[in-house]
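The values are calculated or read from the model by the stated rules, or taken from the named source; none is laboratory data. Worth saying up front: this structure is predicted, and the values here are computed from it rather than measured. Because the Cβ atoms are built from the backbone with ideal geometry, glycine has one as well, and the counts that use them run over all protein chains shown.
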Amino acid sequence: MKKKYLTAAALTGVLGVALAGLTACSNGSSADGGTETIVFQNQFSDAESAEAEKLVAEYEADNPGVEITLQRDNDASYYDKLVTQITAGKGPDIVRLEPPKVSQYASSGFLAPIDEALGDDADYFANTLEAARLDGKTYGLPQDVSTLALFYRTDLLAAAGIQTPPATWDELKTDAVKLTGNGKYGIGLFGGWGAYEFYPWLWQAGAEVVNDDGTKAVFDSPEGVDALTFWTDLQATAMPPGMASATEDDVRGPFVNGDIAMFTSGPYMASTLTEAGLTPEQWGVAPLPKGKDEASVLGGMDLAVLQNSQHKEAAIDFLAWFGSDDVQTTWASDLGYVPAKKSLYEAAPFSTDPNTVTFGEIIENSRSRPTITRAADVDGALGDAVAAGLSGSSSPADAMKAAAEKANAAING
């Protein structure tokens, strides 16, 4: 899900204060040698909170003298509040962050390296670790990993004489139009989450978001315009009206009801569709149709330890435990997620689930969103272009040009 990014002004403006306060005590210090309290701040869902509480109880039972306090904060200003905590020397010990945030926070001196918690790098997807590394050190432990795939109604495709999901852009365009009519639509690609859903298509077209050194937005290239044109053409021929501002919630219901044949989502959607009453025979998961290149976008969350924590050793020990095979298997299995560790895809129960196997293959071809300081502004500008294109208020070329100008003004500012 698209989250709120920290503004560059907030991030860089407080850097000096934050570094000055890195020796300040965090919550739960225990100089008297009593119980060591580790504060774990997160944005868990209800189901995730219940699972985390269960696992934490197991850890505490095996580690007397250590108490893990789960501090849930689902406020939209989570990241802004977190920086305020850090600068005041009152931050938690462990935080749950989006992968692009890990790089930004590490470069600002907010995070401590947690390499010793990882174990063998080969157990993880290389691209998930790359997004959490800076200057050869790792600052984020992959807790959840996600990516976008094509969810399709097997029964609707079969009824239209389509035996396999589309594997290319041309096939997608043809199939989506064939599946559209009488109040039914071939696909729902939505712009209400900003640029997140659009990144894979931009990369598939052969475009980049920013240049190699992150100093300029370049998504308004001819390839980038082609990607948005592909979306706007589908809006005109095979998608419900109003996709410019629609979100996943707006297309999931029609997919379940059989009014939309295809949409994009992450691994968590599998259990949602099952709970909604769809049988395994009615739907399937496939890689996103390929353009010039094959690509999807990395999602998920990382766990990090704050540099100003007074319990770094204990916090890193907890991360090592949380990242163990047994705990990760329990977490993913109980919540219906795919595992964050690549090694777990090689054995049951994950190796026997075709959807999990498919997601593992897609994760291998997924890319991280930009991690530059003004990533939020770039993301916001690109999201504006997608909305303008889908709504018809601007041509794809004009929308991408205006968005790139806005993004570059932010980068240069």
Qualifying positions in segment 113-125 - of a type outside the set (D, E), surrounded by fewer than 22 Cβ atoms within 10 Å (Cβ to Cβ) and within 15 Å of D317 (Cα to Cα)
P113, A117, L118, G119
Residue by residue through segment 248-268, note down the ones that are surrounded by 19 or more Cβ atoms within 10 Å (Cβ to Cβ), among the aromatic types (F, W, Y) and more than 10 Å from F190 (Cβ to Cβ).
F255
Can you confirm whether E51 is closer than 20 Å to Q328 by Cβ and buried (at least 16 other Cβ atoms within 10 Å of the Cβ)?
yes
All but one of (1) among the small types (G, A, S); (2) crowded, with 23+ Cβ neighbours inside 10 Å; (3) assigned to a loop (DSSP other than H, G, I, E, B); (4) under 21 Å from the mean Cα position of the chain (by Cα) hold for S245; state the number of the condition that does not hold.
(2)
Within segment 250-267, can you find the residues that are in a helix (DSSP H, G or I) and either more than 24 Å from the chain's Cα centre (by Cα) or modelled with pLDDT under 95 (or both)?
N257
May I ask you to say which residue of A286, A238 is under 26 Å from E130 (Cα atoms), of a type in the set (A, V, I, L, M), outside the structural domain of A122 (by TED's automatic domain parsing) and touching a Ser or Thr at 6+ places or on another chain (Cβ under 8 Å)?
A286
Top-ranked residue of segment 274-318 - restricted to ones that are farther than 30 Å from I86 by Cα and among the acidic types (D, E), ranked as surrounded by the most Cβ atoms within 10 Å (Cβ to Cβ)
E294
Among the residues listed as A376, A407, the single one being at pLDDT 95 or above and not assigned by TED's automatic domain parsing to the domain that holds R133:
A407
In this structure, is G181 at pLDDT 95 or above and on the phi > 0 side of the Ramachandran plot?
yes
When you scan segment 305-331, how many residues do you find that are modelled with pLDDT under 95 and either in contact with a His (Cβ under 6 Å, 6 or more places away or on another chain) or not polar (S, T, N, Q) (or both)?
0
State which residue is farthest from A47 (Cα to Cα) when the search covers only segment 67-112 and only residues that are among the β-branched types (V, I, T) and buried (at least 19 other Cβ atoms within 10 Å of the Cβ).
T87
Members of segment 326-353 found to be surrounded by fewer than 18 Cβ atoms within 10 Å (Cβ to Cβ), in a helix (DSSP H, G or I) and free of Cβ contacts under 8 Å to residues at least 24 places away in the same chain, listed by number:
D326, T329, S333, E346
Residues of segment 132-171 being in contact with a strand residue (DSSP E or B) (Cβ under 8 Å, 6 or more places away or on another chain) and farther than 30 Å from Q282 by Cβ, which ones?
A132, Y139, G140, L141, P142, Q143
Given the structure, is P166 in contact with a Gly (Cβ under 8 Å, 6 or more places away or on another chain) and in contact (Cβ under 8 Å) with a residue 24 or more places away in the chain?
no
Contacts under 8 angstrom Cβ, first residue in segment 91-118 being farther than 13 Å from D302 by Cα, partner part of a helix (DSSP H, G or I) and not hydrophobic (A, V, I, L, M, F, W, C), 6 or more apart:
G91/Q85; P92/Q85; D93/K312; S108/T12; A112/K312
What residue, among those in segment 390-404 that are of a type outside the set (A, V, I, L, M) and in contact (Cβ under 8 Å) with a residue 12 or more places away in the chain, is surrounded by the most Cβ atoms within 10 Å (Cβ to Cβ)?
P396
